[in-house]
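Enquirer: What follows is a single structure, and I will ask about it in a moment.
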Amino acid sequence: MKLGYKIAVRFLKSNKGQTFLIILGIAIGVSVQIFIGSLIQGLQKSLIEKTIGNSPQISITADTDDKEITEFDEVYKKIKDNSDVIALAVASDHPAFLNLEDTSKSLLIRGFQLEDADVIYKFSENIVEGRVPENENEIILGIDLLEEYELQVGDVIEIINTNQKVQELKLVGSFDLKVASINQNWGIVPLGTAQTFFEVPDRITSFEIQVDSQRVFEADMISDELETIINRDELEFSNWKKQNEQLLSGLSGQSISSIMIQVFVMISVVLGIASVLAITVLQKSKQIGILKAMGIKNSTAGFVFLFEGTILGIFGAILGIALGLLLSVAFTKFALNPDGTPVIALYISQSFILLSGVIATLASMMAALIPAIRSSKLNPIDIIRNN
Amino acid sequence: MKQILELKNINKIYGTDIKTQVLYDINLSFEEGSFNSIIGQSGSGKSTLLNLIGTLDKPTSGEIRINDVAVSAMNQNQLAVLRNNTLGFVFQFHYLLPEFTALENVLMPYEIKHGKITKEIIKKAEDIMDLVGLKQVKNNLATKMSGGQQQRTAIARALINEPKIILADEPTGNLDSDSTETIYQLLRNINETYKTTFIIITHDRKIAEKADRIVEIKDGKINMDIRK
Ligand SMILES: Nc1ncnc2c1ncn2[C@@H]1O[C@H](COP(=O)(O)OP(=O)(O)O)[C@@H](O)[C@H]1O
Ligand SMILES: [Mg+2]
């Protein structure tokens with residue numbers, strides 16, 4: 001074994017140019033793999049983040065005529081007790097109109113306990129001007145709405161409910177949640193304000209839940225779990241996966257094509273190494289023949305090439321990881337949006353990189369297998385005779 | 001004296017479709033510690049015979065016994081051990097490993113045998129190399145030496161494991177007559193010092209005549225067998 005390794009190293013060193021070319025070949029394969037993998041994972045992460053990052057992943061509504069959930073305290077406790085739930089907010093949502101001088105605009109008034117809702121929707125982070133509502137009868141609206149109807153933070157606005165009841169609210173801030181339909185339609189008020197104005201005290205219309213970020217893809221299971229625990233027939237559970245089936249199938253299609261690309265890159269690397277090593281066995285067949293005449297065992301003669309494959313694989317993987325990271329960093333540094341943010345945020349996952357390196361090394365060892373077998377089967381007499 | 005090597009009814013036929021018989025019913029045995037030469041015309045079957053003795057090739061029929069053990073009964077690994085411990089080869093075309101230095105080449109059979117190199121064995125290798133006149137070029141790569149130096153390196157390599165038998169196939173075939181003379185003197189000294197059995201193929205009659213025994217092969221048969 002040790003001798004096999006020593007001979008392998010010597011063979012590789014004695015032909016530095018060729019050795020470097022093989023290592024470079026493996027490295028390019030690995031770096032392409034890491035780059036594509038990081039790119040696609042980054043794309044998916046940001047897509048999912050955009051889709052579900054600032055919104056509830058599970059929501060519970062009532063399937064009753066008035067859509068109101070009564071006696072929600074007990075349900076609230078049960079949800080809170082679930083360890084996968086990291087954020088829980090109750091909402092009292094109602095349609096209303098924003099009353100303007102010569103027109104009116106339909107609004108969805110959403111009453112929240114704002115500290116809770118902030119965890120999910122990140123209102124305070126997305127305030128453009130002013131602040132989030134702190135007192136009763138304060139409201140914030142989306143920037144699109146402010147712009148369209150020329151409203152100013154500090155204005156007092158009038159809303160009308162479906163029973164023609166009118167209420168004056170103070171506009172204390174504007175937000176930008178980066179979703180046009182929200183920016184145009186939502187009016188965020190404290191929970192009490194909504195409950196009083198719409199005359200639904202002690203009732204809410206939904207629970208909104210975010211789960212542990214590690215488990216977002218299990219939101220459907222967590223939702224089913226909650227449904228069993230809560231056990232109230234009139235409640236309806238929905239989760240982001242159900243609402244985004246197309247997105248999910250798109251993502252999984254993308255993942256499969258990414259894996260396919262990576263598999264083909266690896267196959268070409270393996271074929272490359274296998275053919276170069278096969279040539280190396282031919283180049284070194286004289287040496288193998290001499291060594292066998294001196295009494296090295298067939299297994300040792302085989303190990304020489306297994307070691308060569310392993311050494312090439314390890315160095316190729318290391319260089320490839322370095323190149324891949326360099327490529328990725330360069331890409332995020334130089335391919336920028338006008339505002340200076342990277343066009344595509346790569347997701348550099350340590351475990352993915354490690355896996356790529358390990359796979360490349362294993363693949364190189366595999367590629368060395370046929371040359372190794374050839375070397376172990378080589379008959380010294382063929383070499384000695386054909387001087 | 002003990003017969004270290006015995007060949008019984010050895011036949012060698014090359015080829016499967018077109019068969020050429022190269023050796024016919026060879027019966028030979030060699031005494032331990034003897035210095036033997038094999039002569040014969042080119043193509044008479046000398047190398048074929050030596051390769052059979054060296055276990056590099058197998059006879060079509062017949063038995064070869066080395067140290068009273070039938071070679072045909074050994075598996076690949078046992079043959080490898082036998083080649084490593086008991087046999088030393090010196091080929092016409094020296095066959096050094098070009099990736100290694102002269103010293104490393106000399107040490108290779110020992111490393112194959114023991115898996116490691118000790119200070120003692122390096123010392124011994126250097127002594128042998130001094131003996132064969134390679135003091136100056138020990139650390140040269142095999143390719144960075146003259147033909148004579150390479151051949152002497154191959155001889156030093158054949159000696160390192162103190163094999164019982166050294167097989168040499170025209171070891172001076174491509175050397176000038178002075179070098180040839182030196183190398184034969186060297187082999188003879190080793191034979192006398194270590195009691196190593198030598199079987200040397202040569203086309204040089206002058207050299208052959210200095211051996212204890214001359215075996216002449218002609219058309220695959222023993223034509224003459226003279227002992228002194
Ligand atoms: N692999 C082989 N296949 C067929 N014929 C061979 C082979 N090797 C050697 N021969 C033939 O066997 C004969 C003896 O060869 P060899 O033992 O090398 O002779 P020598 O060493 O005496 O010159 C020659 O005629 C040669 O052509
Ligand atoms: Mg010959």
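Rule-based calculations on the coordinates, nothing more; no lab input. Everything numeric here is computed off the predicted structure, so don't read it as measured data. Cβ placement follows ideal geometry from the backbone for every residue including glycine, while neighbour counts extend to all protein chains displayed.
Enquirer: Run through the DSSP bridge list for the protein assembly as shown and note the antiparallel percent, rounded to the nearest 5.
Expert: 70
Enquirer: In addition: So which trypsin sites (Lys or Arg not before Pro) in region B:1-86 are both in a DSSP loop and have at most 16 other Cβ atoms within 10 Å of their Cβ?
Expert: B:2, B:19
Enquirer: Could you give the nm distance between label points at residue B:143 and residue A:334, where each point is 7 Å from its Cα heading toward the beta carbon?
Expert: 3.9
Enquirer: So if R0 is 51 Å, what FRET efficiency would residue A:199 and residue A:343 give, r being the distance between their Cβ atoms, rounded to the nearest 0.05?
Expert: Given R0 = 51 Å and the Cβ-Cβ separation, E is 0.50.
Enquirer: Okay, moving on. Which lysines does residue A:284 reach when only Cα atoms under 25 Å apart count, and residues fewer than 8 places away in its own chain are ignored?
Expert: Hits, sequence-local ones excluded: A:2, A:6, A:13, A:16, A:292, A:297, A:377, B:58, B:113, B:116, B:138, B:144.
Enquirer: Which length gain, in nm to one decimal place, applies between residue B:2 and residue B:29 when the Cα-Cα distance is subtracted from 0.36 nm times their residue separation? Kindly include the intermediate steps, with their values, before the conclusion.
Expert: Working: separation 27, 0.36 × 27 = 9.72 nm, distance 0.99 nm.
My answer for the length gained is 8.7 nm.
Enquirer: Quick one: length gained pulling residue A:2 to residue A:45 fully straight, 0.36 nm per residue minus the C-alpha distance? Don't jump to the answer; show the numbers that get you there.
Expert: Numbers: separation 43, 0.36 × 43 = 15.48 nm, distance 4.60 nm.
Gain on stretching residue A:2 to residue A:45: 10.9 nm.
Enquirer: Count neighbours as other Cβ atoms within 10 Å of each site's Cβ, and list the GluC sites (Glu not before Pro) in region A:79-168 that are DSSP loop with at most 12 such neighbours.
Expert: Passing sites in region A:79-168 are A:101, A:134, A:150.
Enquirer: Name the lysines eligible as straight-distance cross-link partners of residue B:228: C-alpha to C-alpha under 30 Å, and not fewer than 8 places from it in the same chain.
Expert: Partners within reach: B:2, B:8, B:12, B:46, B:164, B:195, B:206, B:210, B:218.
Enquirer: Could you list the residues of region A:367-387 with an amide nitrogen less than 18 Å from a label point located 7 Å from the Cα of residue B:18 in the Cα-to-C-beta direction?
Expert: Output list for this probe position: A:386.
Enquirer: Which distance in Å, rounded to a whole number, links the C-alpha centroids of region B:37-105 and region A:343-376?
Expert: Region B:37-105 and region A:343-376 have Cα centres spaced 41 Å from each other.
Enquirer: Label-point separation (nm) for residue A:15 and residue A:66, each offset 7 Å from Cα along Cα-to-Cβ?
Expert: 8.6
Enquirer: Can you give me the Cα centroid spacing of region A:38-73 and region A:267-321 in angstrom?
Expert: Their Cα centres are 55 Å away from one another.
Enquirer: Suppose each label sits 7 Å from its Cα in the direction of the beta carbon; what would the residue A:212-residue A:151 distance come out to in nanometres?
Expert: 4.0
Enquirer: For region A:219-286, what class follows from the C-alpha gyration tensor (a ≥ b ≥ c being the square roots of its eigenvalues): rounded when a/c is under 1.5, otherwise prolate if a/b is larger than b/c, else oblate?
Expert: Cα axes put region A:219-286 in the prolate bin.
Enquirer: Cut-off under 14 Å on the C-alpha distance; same-chain residues fewer than 8 positions from residue A:67 excluded. Which aspartates and glutamates are left, in chain and number order?
Expert: Counting by Cα, and skipping residues close in sequence, residue A:67 has these aspartates and glutamates nearby: A:93, A:199, A:202, A:233, A:234, A:236.
Enquirer: Using a Förster radius of 22 Å, what is the FRET efficiency between residue A:322 and residue A:263 based on their Cβ-Cβ separation? Nearest 0.05, please.
Expert: 0.45
Enquirer: Return the sequence-ordered ³J(HN,Hα) values of region B:211-228 in whole Hz as given by the Karplus equation 6.51 cos²θ - 1.76 cosθ + 1.60 applied to θ = phi - 60°, using x for Gly and Pro.
Expert: Those phi angles translate into 6, 6, 8, 10, 10, 9, 9, 9, 6, x, 10, 7, 9, 7, 8, 10, 10, 8 Hz.
Enquirer: Give me the distance between the Cα centres of region B:155-205 and region A:115-136, rounded to whole Å.
Expert: Here the answer is 96 Å between Cα centres.
Enquirer: To the nearest 0.05, how large is the calculated FRET efficiency for residue A:243 and residue A:278 if R₀ is 51 Å and r is the Cβ-Cβ distance?
Expert: Given R0 = 51 Å and the Cβ-Cβ separation, E is 0.40.
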